[in-house]
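Rule-based calculations on the coordinates, nothing more; no lab input. In this text, all values refer to a predicted model and were calculated from it rather than measured experimentally. No Cβ is skipped: glycine too gets one built from the backbone with ideal geometry, and neighbour counts run over all protein chains shown.
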Amino acid sequence: MNMMEVSRLHGLRGELRQSESMAKHVSWRAGGAVARAYWPADVDDLAAFLRTVSTAEALYFVGLGSNLLIRDGGVQATVVFTHWALRQISLSSTGEHNIEIFAEAGIASPKVARFAALHGAEGAEFLAGIPGTVGGALAMNAGCYGGETWNIVATVRTIDRQGVVRQRATSDFRIGYRSVVGPENEAFVAATFCVPRGDGEKSRNKIKELLSKRIASQPLQQPNAGSVFRNPPNDHAARLIEACGLKGTRVGGAEISRRHANFIVNTGGASAADIEALIDLAQNTVGEKFGVKLECEVRIIGERA
Ligand SMILES: Cc1cc2nc3c(=O)[nH]c(=O)nc-3n(C[C@H](O)[C@H](O)[C@H](O)COP(=O)(O)OP(=O)(O)OC[C@H]3O[C@@H](n4cnc5c(N)ncnc54)[C@H](O)[C@@H]3O)c2cc1C
């Protein structure tokens, strides 16, 4: 049975594509294809789709691809994109001290920051500069400037490979720095954020300030995936890479940013292999010079070409 027939047979309402090039779906604008990609119409449709995918098959959820690299040889897997359909955001409750915001996984993280400010809350500003989705922020425990996603999570909603949706408590997950370990084979479909009440105007100003800081320090004009490496304890990956004299080093179309050494930019036509070669170079050079093993923050999947 081909994919169109599978789709019709199961009454799916989303869009299913085969051999989908991922370069246009990841912020690095580089890399290979996935065997199948699905854009669900909504959560019920997603559940119906998941029941058609064999549990033997690799499955990935993808938001805005701002922390992801698919190797040039592609990946034999199914990818579910959340950002077309899972886009509800609402105020779920307001209390004396906090407000609660319900956001589906496909909502862009900056929208949560602005929504919180609009409703007179302070504490979600850090999300304004993280160019991914709520699902990606939950999976990565994304954070910056002292804020971390899971610090403001009240509950999450997950979906498993049989399409069963569950409400889960934060205690069901082990949360660390850019690390989240939870029940296996469950992906995020939504979260409820609990944000302290505060001054909305102050929050909006803080968002502007944080965004200006980013514009001044990050190479936002060129395709990138944010910080490539986690910061090692009590140090900064950017400082170590810069101290090795690697800023501006190029492989093919990829370059270790001259502006921020923990960023690798696509200067045009970079392959995933070019990017990965620079990742390896930075890791090896910093390892040799400082004895520090830099760990990749960016998720890399697939086969080399
Ligand atoms: C310019 C720039 C600046 C950045 N700054 C920061 C920063 O300050 N702090 C920071 O932490 N990150 C930063 N990042 C990295 C990135 O934006 C974050 O990690 C973001 O949260 C990823 O979200 P995404 O939707 O793009 O995820 P994707 O890149 O699509 O996916 C990342 C990972 O999350 C998984 N995932 C995605 N959605 C789901 C889901 N619904 N359920 C389960 N798993 C899922 C994917 O399978 C993958 O493993 C930056 C990136 C860029 C390009």
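How big is the C-alpha Rg of the stretch 248-305 next to the rule-of-thumb value 2.2 N^0.38 Å, as a ratio?
Working: Rg = 11.5 Å, N = 58, 2.2 N^0.38 = 10.3 Å.
Taking N as the residue count of the stretch 248-305, the ratio is 1.12.
Note on the stretch 121-278: percent of Cα-Cα distances in each 5 Å bin, starting at 0 and stopping at the bin with the largest distance, equals 2, 8, 15, 17, 16, 15, 13, 10, 5, 1, 0.
Spatial offset of the stretch 282-298 relative to the stretch 20-66 amounts to 31 Å, using the alpha carbon center of each. Look at where the Cα atoms of the stretch 117-157 and of the stretch 167-205 average out, and the two centres are 7 Å apart.
A Gaussian network model of the chain, with springs between Cα atoms under 10 Å, assigns the largest mean-square fluctuation among Val26, Val180, Val228 to Val180.
Give me the Kirkwood hydrodynamic radius of the stretch 224-270, using the inverse of the mean 1/r over all pairs of distinct Cα atoms, in Å to one decimal.
Values: mean 1/r = 0.0932 Å⁻¹.
Computed over the stretch 224-270, the radius equals 10.7 Å.
Computed from the Cβ-Cβ distance with R0 of 35 Å, the FRET efficiency linking Glu295 to His10 stands at 0.30.
Each peptide in 124-133, 61-70 gets a packing score, the mean of other Cβ atoms within 10 Å over its residues, and the list from highest to lowest is 124-133, 61-70.
Note on the stretch 1-123: Cα Rg divided by 2.2 N^0.38 Å, N the number of residues, gives 1.26. For Ala154, the residues whose amide H sits under 5 Å from its own are Thr192, Phe193, Cys194, ignoring neighbours fewer than 5 places away on the same chain, with H placed 1.01 Å from N. Here the contact order of the stretch 127-261, divided by its residue count and restricted to Cα pairs under 8 Å and six or more residues apart, works out to 19 percent. Applied to the stretch 24-33, the Karplus parametrisation 6.51 cos²θ - 1.76 cosθ + 1.60 on θ = phi - 60° returns per-residue 3J(HN,Hα) values of 7, 10, 10, 5, 6, 6, 8, x, x, 10 Hz, with x for Gly and Pro.
From the C-alpha coordinates alone, can you work out the Kirkwood hydrodynamic radius of the stretch 96-208, in Å?
Working: mean 1/r = 0.0715 Å⁻¹.
Here the Kirkwood hydrodynamic radius works out to 14.0 Å.
With the simple spin-label model, which puts each label point 7 Å out from Cα in the Cβ direction, the Tyr145 to Trp84 separation comes to 3.3 nm.
Convex hull volume of the Cα atoms of the chain, normalised per residue: 131 Å³. Among Ala56, Ala190, Ala35, determine the one that fluctuates most according to a GNM of the chain built with springs between C-alpha atoms less than 10 Å apart. Top of the fluctuation ranking is Ala56. Between Asn151, Asn185, Asn234, the Gaussian network model of the chain with springs among Cα atoms under 10 angstrom shows the greatest mean-square fluctuation at Asn234. Cross-linked pairs Lys208/Lys293; Lys24/Lys289; Lys111/Lys213: Cα-Cα separations exceed 27 Å for Lys208/Lys293; Lys24/Lys289. Derived scalar couplings between HN and Hα for the stretch 98-107 equal 9, 10, 10, 10, 8, 9, 6, 4, x, 5 Hz in order, rounded to whole Hz, by the Karplus curve 6.51 cos²θ - 1.76 cosθ + 1.60 (θ = phi - 60°), x for Gly and Pro.
Take the Cα of Asp199, step 7 Å toward its Cβ, do the same at Ala169, and the gap between the two points is 3.6 nm. Here the Karplus curve 6.51 cos²θ - 1.76 cosθ + 1.60, taken at θ = phi - 60°, turns the phi angles of the stretch 270-281 into couplings of 5, 9, 4, 5, 4, 5, 5, 5, 5, 4, 4, 4 Hz, with x standing for Gly and Pro. If the segment from Asp160 to Ser92 were pulled out straight at 0.36 nm per residue, it would be longer than the present Cα-Cα gap by 22.1 nm. Per-residue ellipticity at 222 nm computed for the chain from its helices equals -7500 deg cm²/dmol, with DSSP H segments shorter than 4 residues left out and the rest contributing -39,500 (n - 2.57). About its Cα centre, the chain has a charge dipole of approximately 560 debye under the convention of +1 per Lys or Arg Cβ and -1 per Asp or Glu Cβ, with nothing else charged. Stretched out straight at 0.36 nm per residue, the stretch from Asp280 to Lys213 would grow longer than its current Cα-Cα span by 21.3 nm.
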